[in-house]
Amino acid sequence: MFKNTYQSGLLSILYSLGSSPLALWAQHVQNGHIKRITDPEIQSLVLEIVGANVATTYISCPKDPQETLGIKLPFLVIICKNLRKYFSFEITILDDKGSRRRFRASNYQSATRVKPFICTMPMRLDENWNQIQFNVCSFI
């Protein structure tokens with residue numbers, strides 16, 4: 001998707017204030033919802049993704065799982081609110097040897113587990129809004 005795009009500074013692939021914030025994203029909803037609401041704390045539109053299970057209500061990008069984003073920027077930054085529920089994000093990286101590696105961070109896991117093609121890591125969220133910075137280069 002962005003492989004042939006000049007990338008410098010910041011590339012936003014999800015922006016809740018845009019006219020179509022989920023244009024690039026596939027939505028998977030079972031026993032939950034994905035909706036745009038106004039957050040009372042920051043008085044701004046946000047996307048609320050809530051479900052009975054992180055495995056059944058989520059968004060993924062690109063929409064087609066056979067495609068790649070082709071992002072070469074060194075950091076992934078996520079701004080999310082702690083709703084005191086389970087939260088997880090996962091990214092897949094093409095490493096320097098051409099292998100796909102998955103990294104999953106979640107607030108319901110207590111130990112890091114490293115397997116050949118996936119690494120799962122615990123993550124602690126502070127109260128209210130959090131900025132998660134994931135240094136992609138350090139995992140390649």
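FYI, it's all coordinate maths here, none of it is from the lab. The model shown is predicted, which means the values in this text are computed figures rather than measured ones. Here Cβ is always computed from backbone atoms with ideal geometry, including for glycine, and neighbour counts include all displayed protein chains.
Structural remarks
- Between SER60 and CYS119, the distance separating the two model label sites (each 7 Å from Cα on the Cα→Cβ line) works out to 2.2 nm.
- Rg/Rh ratio calculated on Cα atoms of the chain (Kirkwood radius): 0.94
- Estimated FRET transfer efficiency (PHE2, ILE132; beta-carbon r; R0 22 Å; 0.05): 0.60
- Magnitude of the charge dipole for the range 74-126, about its Cα centre and with charges confined to Cβ atoms of Lys, Arg (+1) and Asp, Glu (-1), is about 200 debye.
- For the range 59-124: Kirkwood Rh in Å [reciprocal of mean 1/r, alpha carbons]: 13.5 Å
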